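This report refers to the structure that appears directly beneath it.
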Amino acid sequence: MRTRYLILLLLTSACSPDFLEIKQDVSIGTPYTIQDFQAVLDHNIRMNSNASVILGMVGSDEFKVSSESWNGLPTASFVNKNAYVWADDVYERGTVDDWNDAYERILYTNMALEGIGKIVFSPQEQPDWENVKGSALFFRGLNFYQVAQLFAGVYRSATAHKEPGIPIRLESDVTASTVRSTLRQTYDRILLDLNDALPLLPDKSVNTMRPSKLSAFCLLARVHLQMEMYEEAYSFALKALEIEDGLTDYTTLSSAGTYFFPRDNGASHREIVLFNYAKAATILTSSRLQVVDDLIALYRPGDKRKDIFYTKNAQGVYFYRGSFTGYSTFFVGQSIPELYLMAAECAVRLGEVKEGITWLNNLRAMRFDPQVDYEIDTNLGQSVALDHVLDERRIELAFKGLRWEDLRRLNKDPRYAKEIKREINGREYILQPDSKRYVWPIPDLVIEISGIEQNDR
Amino acid sequence: MKILFFICGFMVLSMALFAQVEISGKVYDRNTQTPIAGLRVQFVKAQRMIGTDEKGYFKMTLQAADTLYLDHIGYVPYHTVVDHNSRFLEIGLEAQTQSIDLVEVNTGYYRVAKERSPGSFVHIDSMLLNRSPSPNILQRLEGLAPGLQFVNAGGADAQDIRIRGLGTIESDERPLIVLDGFPYEGDINNIPPNTIESVTLLMDAAAASIWGARAGNGVIVITTKKNSREQPIRISVHTDAGITDRPDITYSPEWLPAEKVMAIEKQRYALGHYNYADNVTIPYYVELLRANADGDLTDGELAGLEHQLKSVNAREEIMEHLYSPALTLQHGINMLGGSQRYGFSLSASYLDQQGSVSRNGNKRYNLSFRNRFRPITALEIDLGLSYVNQQVRNNGISYDDLSVVNIGVSPYMGLQDENGRALPLLRNALSHNYTARALSLGLLDWEYRPLDELRTGDNRSFSQELRVYSTVNLTLPWGIYAKADYQYTGDVAGSRSLYTKDSYYVRNMVNRFTQPNGTRIIPQNGILYIGSPSEAFSHYGRMSVGFDSPWESAHRLHAIGGFEVRHHQTETFPSNLLYNYDEEYQIGDTRYNYNQSYTVRPLGNSFITGPAAVHRLLRNRDVSYFGNLGYNYLQRYFLSGSLRYDASNLFGVKTNQKGVPLWSLGGSWDISRERFFNVPNIDFLRIRATYGIAGNVNKSVTHFPTATYSTSNIGLRNATYRTFGNPSLRWEKVATENLGLDFRVLNGRLSGSLEFYGKKGSDLIGNDLMDPTTGVSTDYKINYADIATRGIDLQLTGRILTGKVGWNTVWIGSQVSNKVTNYYTKDATGIGVYLTDSPNPVKNSSRDLVYALPWSGLSSENGYPFVEMDGVKSQQYAEFYDRYMDFDKLLKVGVRVPTYYGSIRNTFDYKDIELGFLITWKAGYVFRRTSMYPGAEYAAYYHEDYDRRWQSPGDERSTDVPAFIAKEDMPVGHNYLSTLYLQSEALVSSGSHIRLHDINIGYSLPASLVHRLNMKGIRVKLYCRNLGVIWRENKVGIDPDYARSLYVEPRFYSFGLTGDF
């Protein structure tokens, strides 16, 4: 009987125009509300992970691998392998995740920006609407910045207008062609996105996955530091520190097992400004990556960071233990200590040595055993003070995805220019400070399809 | 019926007015001596026709002498001259013994005599289906039909099959399966073959396009057994016991014996290739070498162990203990019967099938009941019900289950010692050194011993399917009938895994989550996992009105039109998980904190596995309107046409993109029925041609951007873009043309058909190759290509001997090839995309094309491949691969799917014994084999070809297998070396081969004996399948159907018994 009604129901309903309007998959929709676009940006597996810093991390001077480990890398890790020796052909036509992931995130932000632009919001909805727009602009700026650190040259204000930058995509239309902007246009766009985001974002966000004024100030400071605009960088760092300057006393940390930080997606470690972590690159796995001696040598006795971030094997080789993520993946987001270090560096470079060293000492106070004398003399000369600041920066920000961009900007200064050497199977590989290999090639597929100009190698 | 007589009577009366010749007579079956009613008597010159009455009589008055022509399904056509001298004719018609051409085929919408439709059909009756006792219906079709290609040998699923080649590139390639008039969405294994009356393959547009948007890949119509209207109850029971040989897993060349693997591992150990950590699995032998180096194992002890390990052959042990011959039991009963008012068919069957992996298997129970009521002559109601219950048990351990990342299966690690005690094997991400110390660390035994594990768990999945269907058929006056069809299907499926407290699964969980202070987070008790249950149901409704011209005239018309609606939905629910489960009382615990990250051993931290937070509802709705028209004139000229409109609840498209109109047109001409046709020995000759358009649905494409919603790891709502929208998308269309010739000669001794067809898929949807800077690097769908498939199907049936010894033979041959005719996407200049198992489509070449790199041999200096650039040999791999090679220089070595295939089926009979065998053949294709590539040892990939590798200068003359890579030679472009060899022409071989597919022997017990048992018949059957390759073109000893398999499908023998009551 029931069946008969069902047939009847089916036949009658089939005639109504709504019959085919039912959604095929309930979990699928066409995003159109403010909440929908917030959900697009809250997709933290995309927006806050697989950060585009891997080529830089592999190419930097923070670690080495033995020839045996390098030879024994799985076949599929050839990009890692080639990047480690800054090879001529890095990708061997393989996929370049740093590029692809960043531009995928940029497409997401463009989808959100276009979508949110069409929404007429009520006054109650304004904060939500602004948060979506501000977050999208922030993420777009962040990704342009990260791509620029890998695939475009080092910023020099005098020549930036004639050097190639990166493709700047500001619309979601996937059929639009790809063109390279100039380096000046690239940095102008990064600053524009971040400045536009600032007034829209809350001071602090409800979770560390979402951007905030704090993270925008922090990133603005970082970009200006890279551009060697120390006054601006200092002012942004201070604005950020006004919002939040709390550090964790590392002497209070303890480990139940392997790691010192909780594995809770950045929810409870107070120093995290914006949670972001890097893809697990094979060459950077804890069993292969050996921390270089000159980095280990910087740690003074009583520095808790050596134990918290490294393990030592029987042969005295240091390996990486784990990061703010609470396990072995690399935290490469923004953090309060980075703000301290930027403030310190800018202050010293601007001649405010005492102020700069004070920032440094405030940070060190939370990193050393209290019985050790950790304080640095605030009356040092500017140049020695800068040495201290940069050493501290290397220690504190080790394996946080910043070393590559630091190498690039510091190499401009002969005092800090560094030659990186590697030895594999008896052959020595050297990366000179002024090497063109500080700019990674653009992925082969991009060149082939879009025809844009490849970087010199 | 009455109306018919009325018309006949009227005609007779009117003719009488001009009466000059009165012809009357009676038509009967010569064999049975029974009158034939309803037979059409044609008078050729007068172009008049009359039907015989219930007693076979007819009467006609003509104005002049004429030719009387009789043609009736099942009988040899008859003609004679009639004139004044003819008075009462007694015509005895000879029954036609050739059955294949007389069948009615079922399109799912209507039945039509095969000879009277211009469409291309292949009909396989239950006799032929029952040649093979396979419990899967599709498997029984292999080698029986032209144009039906098994892309995967022994295929048991629609995706293993191609009907007449390809009509699409990236959309669903599966043919549509129709069961009792409705598309079947369930598991094909749920259809018990013993309930099936026939299978009809709809090959061309005229046959298939009534199925519209889903017919683009061909249609397989399965019809279950029906009650014949009037007959006493007939019962048939059958039982079948089959045995599958133990699979020979030593077939795979991807294996090296213990001694060689140990030598490689020793070398790697010496080179320092291994990382040592508690969470890194390293080969057992390397552990021993380390222990020796650390002084924990003396040289003497090591030598003793080495000697012992070298004698082990793990693969043979695995084959012996974990694989076994498998038993398949099938029992069934069918009952048919009925009177004029009521008829029924009832079948029940049981299947118990063991897997080749010991302790795997499945059981299937089925009950179907079908009733036909005819309360009044004009009304017929068909009501049916079918229930299937399937239970799959998955408790075995296969070879692949024992493989460990970066090690594979260690050939020197056996399953048991000489005393029969189970031995431990390695597991992923745990060093053996560590697990061996587990007890001393206060942990549970952490060893994995496969032989002990066989009985520590119970993994089952089950599915139940209920199908209820009804058809109401109302016959109205003037040849009109109305039909309402309805079908409901309901499916529930789920799975359950129980791990007992001693199982490795539980011990591993307990140990992993034992905290540094010794606290156990997971108690050592059973774990019960209830897999995500799913529920699916569908409603199908169809209303149609048909017309079948009732009058006796040279013009005959049948038409059907109607509409149908469909709703199909699947809902998946969250899974469930009980820890601390006590099997005896069935109690367990769900109170665990899945959000807490615990420290785990040996390293790191992790969350406890929780139930899957899945709830998913998928709903498909379709509305279709259809119409079909058939017309014939004098049973000689046939025309057919169909129209269909399909609309679906596609999401993210504009309303006018939801539907598509489709059509077909066809005609045939029965030349042998022409008066002028008077060629001796040609009984039947017909040509036919059809053309039409079917479609292909791709629900993954959208006009607007769409996103999938989920909950993130921090509990917020997430959206992932699934598509970014493409406003210019269209439906895929497949246009099919077919030209056929059917003939029967020498009084039915030889018959056959030859068909030429072409299939054009246009507006095909596929992924565009994107510039990743757009943000889309993998998935952007556009209508970018067209594909054309051409082919020839030939079937010849010969009754070579018809005497005491009968010999029938059926030859089937098909040729098929496809060509991508349009391909709009931006092309990659890199050759990598062509050197994969599914290369990018290329305009003007086959979709199945296999590309290879040219092979220039090995260097006599270092044993690595040469590459040749502009006639110069070198070893500049990167230069060669990245810059020199381009698409044009790639070798196009063949296609991966046979372009010629077919079968020869012979059946011999002598008295009550029948012997048949089926030979299948495939030709015109290539396959790529595996080999040992340089550097593979480092990936722990082992292959027999290791023994054939280049080892010293001169070897290059006899081998293509490159040298192994020593540490110091390791070039930066390591990736190139393996690609250059593995993707080279050196590893491509012809796939052509001939196979003895099966043999069957049947014996019907003598009638005298059977009657004494009060039975109608007893039949004994012996069957044997997978008898191996008779001939193959390749000289490398590989069965092309199993070029990369662990083993060749083992032989299967069965013994069956059928009894009719």
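The values are calculated or read from the model by the stated rules, or taken from the named source; none is laboratory data. Source: prediction; values computed, not measured. As a convention, Cβ positions derive from the backbone with ideal geometry for all residues, glycine included, and neighbour counts pool all protein chains shown.
Using beta carbons and a limit of 8 Å, which pairs, at least six apart or on different chains, have the first residue in the stretch A:38-62 and on the phi > 0 side of the Ramachandran plot and the second one assigned to a loop (DSSP other than H, G, I, E, B) and hydrophobic (A, V, I, L, M, F, W, C)?
Hits for this filter: A:N50/A:A278.
Out of A:F261, A:F319, I need the residue that is more than 25 Å from A:K81 (Cα to Cα), within 12 Å of chain B (Cβ to nearest Cβ) and at pLDDT below 95. Which one?
A:F261
What do you reckon, is A:G322 assigned to a loop (DSSP other than H, G, I, E, B) and either surrounded by fewer than 18 Cβ atoms within 10 Å (Cβ to Cβ) or more than 26 Å from the chain's Cα centre (by Cα) (or both)?
Judged against the criteria, A:G322 is not a match.
May I ask you to verify whether B:Y901 is touching a strand residue (DSSP E or B) at 6+ places or on another chain (Cβ under 9 Å), farther than 23 Å from B:G766 by Cβ, buried (at least 19 other Cβ atoms within 10 Å of the Cβ) and within 14 Å of chain A (Cβ to nearest Cβ)?
Against the criterion (touching a strand residue (DSSP E or B) at 6+ places or on another chain (Cβ under 9 Å), farther than 23 Å from B:G766 by Cβ, buried (at least 19 other Cβ atoms within 10 Å of the Cβ) and within 14 Å of chain A (Cβ to nearest Cβ)), B:Y901 does not qualify.
Tell me whether the stretch A:73-83 contains one or more residues that are surrounded by fewer than 24 Cβ atoms within 10 Å (Cβ to Cβ), closer than 28 Å to A:L137 by Cα and either more than 9 Å from chain B (Cβ to nearest Cβ) or within 17 Å of the chain's Cα centre (by Cα) (or both).
Scanning the stretch A:73-83, I find no residue that is surrounded by fewer than 24 Cβ atoms within 10 Å (Cβ to Cβ), closer than 28 Å to A:L137 by Cα and either more than 9 Å from chain B (Cβ to nearest Cβ) or within 17 Å of the chain's Cα centre (by Cα) (or both), so the answer is no.
Scan A:D188, A:D173, A:D193, A:D128 and give me the residue that is part of a helix (DSSP H, G or I), within 14 Å of chain B (Cβ to nearest Cβ) and among the acidic types (D, E).
Answer to the selection: A:D128.
Of all residues in the stretch B:515-570, how many are among the aliphatic types (A, V, I, L, M) and within 13 Å of another protein chain (Cβ to nearest Cβ)?
3
Scanning the stretch A:279-293 for residues that are among the small types (G, A, S) and in contact with a strand residue (DSSP E or B) (Cβ under 8 Å, 6 or more places away or on another chain), which turns out surrounded by the fewest Cβ atoms within 10 Å (Cβ to Cβ)?
Only one residue tops the list, namely A:S287.
Of the residues B:R290, B:R341, B:R315, which is at pLDDT 90 or above and either within 14 Å of chain A (Cβ to nearest Cβ) or in contact with a strand residue (DSSP E or B) (Cβ under 9 Å, 6 or more places away or on another chain) (or both)?
Answer to the selection: B:R290.
So which residues in the stretch B:575-603 are of a type in the set (S, T, N, Q) and either more than 8 Å from chain A (Cβ to nearest Cβ) or under 35 Å from the mean Cα position of the chain (by Cα) (or both)?
B:S575, B:N576, B:N580, B:Q586, B:T590, B:N593, B:N595, B:Q596
Is there any pair with a first residue in the stretch A:271-285 that is at positive phi and a second that is assigned to a loop (DSSP other than H, G, I, E, B) and hydrophobic (A, V, I, L, M, F, W, C) whose Cβ atoms are under 9 Å apart and which are 6 or more apart or on different chains, and what are they?
Final answer for the pair search is none.
Could you please find all residues in the stretch B:792-851 being closer than 22 Å to B:K759 by Cα and of a type in the set (K, R)?
Result: B:K819, B:K843, B:R847.
Pick from the stretch B:750-770 the residues that are crowded, with 22+ Cβ neighbours inside 10 Å and among the charged types (D, E, K, R): which of them is farthest from the other protein chains (Cβ to nearest Cβ)?
B:E755
With the stretch A:1-78 as the region, which helices (runs of 4 or more DSSP H) entirely inside it contain at least 2 residues that are touching a Leu at 6+ places or on another chain (Cβ under 8 Å), modelled with pLDDT of 85 or more and small (G, A, S)?
A:54-59
Taking only the stretch B:715-742 into account, find how many residues are of a type in the set (A, V, I, L, M), within 14 Å of chain A (Cβ to nearest Cβ) and either touching a Ser or Thr at 6+ places or on another chain (Cβ under 6 Å) or surrounded by fewer than 20 Cβ atoms within 10 Å (Cβ to Cβ) (or both).
1
Residue under question is A:E114, and the condition is that it be within 22 Å of A:A176 (Cα to Cα), over 22 Å from the mean Cα position of the chain (by Cα) and not β-branched (V, I, T); does it hold?
yes
Any residue that is within 14 Å of chain A (Cβ to nearest Cβ) and crowded, with 20+ Cβ neighbours inside 10 Å - is there at least one of those in the stretch B:856-874?
Scanning the stretch B:856-874 turns up no residue that is within 14 Å of chain A (Cβ to nearest Cβ) and crowded, with 20+ Cβ neighbours inside 10 Å.
Please verify whether A:D434 is over 24 Å from the mean Cα position of the chain (by Cα), of a type in the set (D, E), more than 15 Å from A:Y84 (Cα to Cα) and assigned to a loop (DSSP other than H, G, I, E, B), treating the condition exactly as stated.
In short, no.
So B:A95 fits all but one of (1) modelled with pLDDT of 75 or more; (2) touching a strand residue (DSSP E or B) at 6+ places or on another chain (Cβ under 8 Å); what number is the exception?
Here B:A95 clears every test but (1).
Among the residues of the stretch B:228-270, which ones are of a type in the set (A, V, I, L, M) and crowded, with 19+ Cβ neighbours inside 10 Å?
B:I249, B:L256, B:A258, B:V261, B:M262, B:I264 - these are the residues of the stretch B:228-270 that are of a type in the set (A, V, I, L, M) and crowded, with 19+ Cβ neighbours inside 10 Å.
Take the residues in the stretch B:265-279 that are within 13 Å of another protein chain (Cβ to nearest Cβ) and in a helix (DSSP H, G or I); name whichever of them is nearest to B:L1046 (Cα to Cα).
B:E265
Which pairs have Cβ atoms under 6 Å, sit 6 or more apart or on different chains, and link a residue in the stretch B:604-619 that is at the interface with another protein chain (Cβ under 10 Å from one of its Cβ atoms) to one that is among the acidic types (D, E) and in a strand (DSSP E or B)?
Once the first residue is at the interface with another protein chain (Cβ under 10 Å from one of its Cβ atoms) and sits in the stretch B:604-619, its partners that are among the acidic types (D, E) and in a strand (DSSP E or B) give B:L617/B:E571; B:L618/A:D25.
Okay, residues lined up against (1) among the polar types (S, T, N, Q); (2) touching a Pro at 6+ places or on another chain (Cβ under 6 Å); (3) within 27 Å of B:R364 (Cα to Cα):
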{"site": "B:R174", "(1), (2), (3)": "no, no, yes"}
{"site": "B:I177", "(1), (2), (3)": "no, no, yes"}
{"site": "B:E185", "(1), (2), (3)": "no, no, yes"}
{"site": "B:N194", "(1), (2), (3)": "yes, no, yes"}
{"site": "B:E197", "(1), (2), (3)": "no, no, yes"}
{"site": "B:D204", "(1), (2), (3)": "no, no, no"}
{"site": "B:A207", "(1), (2), (3)": "no, no, no"}
{"site": "B:W211", "(1), (2), (3)": "no, no, no"}
{"site": "B:T223", "(1), (2), (3)": "yes, no, yes"}
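Can you find a residue that is in contact (Cβ under 8 Å) with a residue 24 or more places away in the chain, in a loop (DSSP other than H, G, I, E, B) and not β-branched (V, I, T) anywhere in the stretch B:280-297?
yes
Residues B:F684, B:F676: which one is without any contact (Cβ under 8 Å) to a residue 40 or more places away in the chain, more than 9 Å from chain A (Cβ to nearest Cβ) and among the aromatic types (F, W, Y)?
That would be B:F676, the only listed residue that is without any contact (Cβ under 8 Å) to a residue 40 or more places away in the chain, more than 9 Å from chain A (Cβ to nearest Cβ) and among the aromatic types (F, W, Y).
Taking the residues in the stretch B:771-810 that are buried (at least 17 other Cβ atoms within 10 Å of the Cβ) and among the aromatic types (F, W, Y) as candidates, determine which candidate is farthest from the other protein chains (Cβ to nearest Cβ).
Filtering first and then ranking leaves B:Y784.
Please go through the stretch B:854-879 and pick out each residue that is in contact (Cβ under 8 Å) with a residue 24 or more places away in the chain, closer than 25 Å to A:G94 by Cβ and outside any loop (DSSP other than H, G, I, E, B).
B:P865, B:V867, B:Y877, B:A878
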